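Everything below concerns the one structure shown next.
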Amino acid sequence: MKTSYDVIVVGARVAGALLAYELAKAGFEVLMLDKAHFPSETLSTHNFLNNSLAMLREMGVLDRLLETSTPLYNRAFIQFDDIVIDGRFPEVDGETQCLCIRRKYLDLMLQEHALAQGGVTMIPGFRLTDVIKEGETVTGVKGVYRNGEAASFRAKLVVGADGRLSTLRGLVNSPCLMSVPTDFASYVGYYEDYKQDGDIHVELYKIGDTMGIVFPTSDNLYVVGAMFPLTDEYWMGRFQSSPDAAMLEIAESGFVGSPLQARLRGARQAEKVRGLHGYNNDWFQGMGKGWALVGDALSFKDPVVGQGMPDALYAARILTGILSRQSHWSDNWEQMAEEYHRQLEAKLMPRFQMACQFTKNVPFTQEQRMVNQIIAASPEATSTFLGVYNRAVEPSQLESMIMGMLAKP
């Protein structure tokens, strides 16, 4: 078996498969490694807004994803305490629809799409144990198959696409540049017969110190998530001991009077509820000598803003562009790392900062309530607000609009 490649990508889910595809299209030989076998599930909101669908269509994979009969949507219902914002995501690059596809379909299809380009090899069931170095430069990886057999592979660049708790990131000692701890625990479950009014849509709630998210997904199911403060001993105990029952209970008491309360009451649980007890919104150094990071390994953010998978798309393209423009990587690691960080910060930082705001358990101020009321009352402001999420506009543009509306007599 071949043991030397241009790039080794550790992690073959969304971030890794997207990067492998982009690298293969650029002419690089790629090895994807993952400790899992596929198809398999992973805890995720798995949502692509329409800005991402434009990129998936350009890649040539969107039609296959749609063959799973995962529903498309473009409406968002958002409730901030007693204020409701209800509107549609603005068009981006000709796309109007959004897609929330289950990871057991998505990851496998993205892997197969990458492998179909040629120049990509994938090894599932391989666990990374160490990196190989020449001086300070990473030149390969070591690991073991599930049968215990050890193996090593070499490459000009090793990329960590192995998630929030990235093994590769730890082995290369990538420094954390920014970290904002979340104040919430997060639990997610799948439900059937979840009935919405009107056309299908995404739901987001922030009522008091409780948050909720709802996405229509594959298999005629809805992803329902509930977030509550880590300091809340009652809910922590209930979810740890009986997560399925606790999800229904928190819908009844934490979302009183909201659509979520009644809709979850009438739905049926399809799969077990799973959770995450606290996590940081982290931003790590993205590149060093012989290594780089993409996806959640690079920057994990609160899932309530639904930006993880779109950010993986952007990072894959940014990194591939930098590698394609530089012919002598070994002589230019610092220059490439600086350029990677600059582009990532320009593209991803505004939504990372949004996540850092959502992740803190603080009530809306009177000023924030006034802004929410203005957005809710104006279709134009609602569209601009939702456009921040799908990158049709930048947060600064929304701020300018609101300031202009406040200044009017």
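What follows draws every value from the coordinates through simple rules; no lab data is involved. This one's a predicted model, so the numbers in the text were calculated from it and none came from an experiment. All Cβ positions, glycine included, derive from the backbone under ideal geometry; neighbour counts span all protein chains shown.
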| request: With θ set to phi - 60°, apply the Karplus curve 6.51 cos²θ - 1.76 cosθ + 1.60 along region 326-333 and write out the HN-Hα couplings as whole Hz, x wherever there is a Gly or Pro. | output: 10, 7, 10, 4, 4, 9, 9, 4
| Ranked Val180, Val138, criterion: other C-beta atoms within 10 Å, fewest first | Val180, Val138
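State the Kirkwood hydrodynamic radius of region 215-329 in Å, one decimal place, computed from all pairs of distinct Cα atoms.
About 17.3 Å for region 215-329.
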| query | Most mobile of Gly257, Gly119, Gly208 per a Gaussian network model of the chain (Cα springs, under 10 Å)? | reply | Gly257
| note | Hull surface over four for the Cα convex hull of region 38-144, reported in nm², is 10.9
| task | List, in order, the whole-Hz ³J(HN,Hα) value for each residue of region 71-85 obtained from phi through the Karplus relation with A = 6.51, B = -1.76, C = 1.60 and θ = phi - 60°; use x for Gly and Pro. | result | x, 8, 8, 9, 9, 10, 10, 10, 10, 9, 6, 9, 9, 10, 10
| If you plug each phi of region 32-39 into the Karplus form 6.51 cos²θ - 1.76 cosθ + 1.60 with θ = phi - 60°, what whole-Hz ³J(HN,Hα) values come out, in order, with x for Gly and Pro? | 9, 10, 8, 6, 8, 10, 10, x
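What is the order of Thr182, Thr137, fewest Cβ neighbours within 10 Å to most?
Thr137, Thr182
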| task | Name the most mobile residue of Ala24, Ala297, Ala12, meaning the one with the largest mean-square fluctuation, in a Gaussian network model of the chain with Cα contacts below 10 Å. | result | Ala24
| task | Give the whole-number value, in cubic angstrom per residue, of the convex hull volume spanned by the C-alpha atoms of region 312-366. | result | 95
| query | P(r) tail for region 1-94, what percent of Cα pairs lie past 20 Å? | reply | 55
| note | Counted neighbours (other Cβ, 10 Å), sorted fewest up, put Cys356, Cys176 in the order Cys176, Cys356
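Can you give the convex hull volume per residue for the Cα atoms of region 183-277, as a whole number of Å³?
In region 183-277, the Cα hull volume divided by residue count equals 87 Å³.
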| field | Filtered trypsin sites (Lys or Arg not before Pro), region 350-389: DSSP coil and at most 14 other beta carbons within 10 Å | value | Lys360
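In debye, nearest 20: dipole of region 166-229 around its Cα centre with unit charges on the Cβ of K, R (+) and D, E (-)?
Taking the Cα centre of region 166-229 as origin, the dipole is about 400 debye.
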| task | Specify the residue with the greatest mean-square fluctuation among Val30, Val141, Val362, computed from a Gaussian network of the chain linking alpha-carbon atoms under 10 Å apart. | result | Val362
| query | Can you pull the Rg over Rh of the chain, Cα-only, Kirkwood? | reply | 0.97
| Which listed residue (Ala24, Ala316, Val61) has the Cα farthest towards the positive end of the charge dipole for the chain, taking +1 on Lys and Arg C-beta and -1 on Asp and Glu C-beta about the Cα centre? | Ala24
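Stokes-Einstein at 37 °C, 0.692 mPa s, Kirkwood radius from Cα pairs: D for region 366-407 in µm² s⁻¹?
323
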| remark: Rounded to the nearest whole number, the per residue volume of the convex hull around the C-alpha atoms of region 266-318 in Å³ is 136
| request: Take the alpha carbon gyration tensor of region 90-249, find the square roots of its eigenvalues, order them as a ≥ b ≥ c, and report rounded if a/c is under 1.5; if not, report prolate when a/b exceeds b/c, else oblate. | output: prolate
| Cα long-axis angle, helix 14-25 against the chain (0 to 90 degrees, to the nearest 10) | 50
| region 130-207: GluC sites (Glu not before Pro) in DSSP loop, at most 13 other beta carbons within 10 Å | Glu136, Glu149
